[in-house]
Structure formats: C-alpha cells, structure tokens
Amino acid sequence: MSRRSLLRGLGGAGAVTLLAGCGVPSAYVEKGERAGPDLSGRDRSLDFANWPLYIDTDDEDTTRRPSLDAFRERTGISVRYTEEINDNDEFFGKISPALMNRQETGRDLIVVSDWMAARFVHLGWVQEMDRGAQPNVTRHLDPQLRRPAFDPGRLHSVPWQSGITGIAYNRRRLGRELRSTKDLWADDLRGKVTLLSGLDEAIGLLMQGNGVDVTRWTGDDFHALCEQVEGLVAERHIRRFTGNDYIKDLSTGDVLACQAYSGDVIQLQADNPDIEFVVPEEGGELWAESLLIPNLARHKANAEQLVDHYYQPEVAAELAAWVNYVCPVPAAQDVLADSGDEELAALAEDPLIFPDAAMRGRLAIGRDITSQERPDFAKRWNSIVGL
C-alpha cells in the first residue's frame, strides 16, 4: 500500500472541522500572534509529523531514514520523525484545539494536502517561512507549483511531493486504450468503474472531463457534475466510491478503470505491467502535499533548514526514487539520469515523476473550495458517495 492510497477525503473530524470550515472569526489568529520563542539556537532538534510510507528508508533497516540521517550529520540537528498523519481531517481535528486556543502543538513541521493547507493558511494557523534561509527552495521549486491560489507566493508552504489525479485501467482485460475521462462512461465499463470518494480529490478530474477550467470553476459547474454522477450511480455504472480500495480492485480485476493517483500506479505497475495510467485528453489535476510550520513552533529555524535540505537536487532525487510521486524539484531529474544506475536512470525518464512539456500542458491545479462553499458542497457530494 502506498502513502497516498491511505488518504481519505472528508473524514469525521467533528465539530472542530465544521467550525474551521465555516470560518468562525474567533478561530483566526492574527499575524502578530503566530510566532513564539524559537529555541533552535540552543536546542538542535525538531519534531516532524508526516504520513506513513512517505520518506526513504534503509533497505536493511527500515527504522533508518537516510535522508534524515544525512541532515543530522550535516547540521547537527536531530529530527523526531513521526508517521502520525493518516487522514487530513483527522489530523486537523487532533491539532486544531491547540491552534485555536493559541497554544503550541508540539510539532515544528507537518505535511498536509494543499486543500487542507489552504484551511490552515486562511485561519492564520501557520507561520511564514524565511526564504532567506532557504536558498534551495528559492532556486529549485518547480515553477508550476510556485503560486497556489491559497498561498500567493508560497510564503507559508513548500511542496513535499506532488502528484497527478488521472485514470488507471487494465489494458489487457479491457482490450483497448482509454484516452478521455468520458471513456469511463462507455457501456462496456458499466459496473466496472470506481471514483474517489473524497470531495477535494474527485471533482477536479471529473470537471475537466466536462470541459471545465478547474482553475476557475463555479458552483453551477459543481452542481452539474453532481447531477451527472447521480445519474451514473442510478444506472449502476459506477461500482462504488473508494479511498485506497481502488488499488486492490484494480489489481484483482474487480474494476477495469478508475480515478487514480500517479504514484500508486507506478507501484502497481511493478507487479502488474497491464495497468496503465493516463492523463486524459481534457486534462488531469496536479496536486501537492505541503510542508507547513504551525504557530508557536519551538524550532522554526531548524524546521526551515530541514525544508531547504530536501530541496537540494541530490536529496530530492533520493526521495523521489523511493516514493515515486511527482518530484517538486525538476533539477533532481538530472541527478537520477547521471547516477550510473539503470533503474534510477529509468525513473528520470518517467513522466509521472518528471512530467514532460506535453504532459505539463494538460495539467492544471484546481481552485480551492472556499469556506463558504464547503458545507453545502460537502453535504451534496457526501450524499452521493454515501459518506
């Protein structure tokens, strides 16, 4: 099971999530209240919370993480690394009481999906990073990821990894190619298609299939999509809505085509070369999961150094070779290509890790769902998918 496949869309974070999603004013933290005493100078450590299976590990000792070890050896800063994030909303619910009450969370660096990062940024719950201390980020961050709508200029966030939502299918079992999102609705795929259950994960690709510009989609576009999906559910064309389950369904042949994440498919292909991933002709959605420094973090400067460490092309290449998602450091491609290792050189040529110009031209970053839109949109989407 890959890291991204653990993602669930709208989980049960309860009243705290609803409160923040509605943008309750008292939850907002003013800029002057976000920073606390930084102990980085005398305490050479930091706490880093991440998702499972989302960092390189040693082949012989899986408790060791070579890229973190290299950081400690170079800087003298030790990292307390925890794999505690299994769901965006669940993690939000875990740390939001502290942030809402102007208390520190015990974490200096976290990784969440950009749609959740938008929530943190809009609530004023994360700090701006000092780009003067991050020359590698400034120099090497992928230009296509530099200007998310939720964080202009990427002042508060830095992508950890990126990826593509597209279509995966079993070409041998299906007996033909799929090129378009509309191809999912062909008669011979009735009952053999799954879609992602999460609102933020699912709607971008489906809207693109309807010719919508996802950088500026409207409420009418959303409701038109919902009507379309409701009809497909009524016709039993869609087998079900999934989180990580689609990997198993696709592997066993229970489904022939599905919405999928690029990194998952690379890993599936290692065991089943019949599995294909396609960025549809109408476009695919480019997303990122980003590093954030929560308010009152006690080791902000140390955290900023760690972020910059992962933007060295050599370190980014090491991480990309392990996780197989879209690398946010394009310069890492040359590192892998020149490695002298046949397998690593092959990864450098994989457009699902380093998208070429043709693929990039079909990728778009969807606009965020606003706090005003989310309650109604989530209610309608969840009623369709059964959440």
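Derivation of every value follows stated rules applied to the coordinates shown; laboratory data play no part. Since the structure is predicted, the reported quantities are computational estimates derived from the model, not experimental observations. Cβ placement follows ideal geometry from the backbone for every residue including glycine, while neighbour counts extend to all protein chains displayed.
List of remarks:
- Computed P(r) (all Cα pairs; the stretch 224-348; 5 Å bins; percent): 2, 8, 13, 15, 16, 14, 11, 9, 7, 4, 1, 0
- Taking every Cα-Cα distance in the stretch 75-205 and sorting them into 10 Å bins starting at zero, the pair-distance distribution P(r) comes out as 9, 31, 28, 19, 11, 3, 0 percent.
- Of L189, L292, L319, the residue with the greatest mean-square motion in the GNM of the chain, using alpha carbon springs below 10 Å, is L189.
- Among beta bridges that DSSP assigns inside the chain, antiparallel share in %, nearest 5: 60 percent
- Segment E84-Q103, length gained on full extension (0.36 nm per residue, minus Cα span): 4.9 nm
- Long hydrophobic helices in the chain: the complete DSSP H runs spanning 18 Å or more by Cα along their own axis with mean Kyte-Doolittle hydropathy of at least -1.0 are 219-234.
- For A98, neighbours were defined as the other residues whose beta-carbon sits under 11 Å from its Cβ, and their charges (Lys and Arg +1, Asp and Glu -1) total +2.
- Our helix-only sum for the chain, with -39,500 (n - 2.57) per DSSP H run of n ≥ 4 divided by its residues, gives a mean residue ellipticity at 222 nm of -10500 deg cm²/dmol.
- Normalising the Debye intensity of the chain to I(0), with uniform scatterers on Cα atoms only, and taking log10 at q = 0.13, 0.14 Å⁻¹ returns -1.10, -1.27.
- Overall dimensions of the stretch 54-110, expressed as equivalent-ellipsoid semi-axes from the Cα gyration tensor (√(5λ), whole Å, largest first), are 28, 16, 7.
- Value in Å of the Kirkwood radius, where the stretch 173-291 supplies the Cα pairs that are averaged: 14.9 Å
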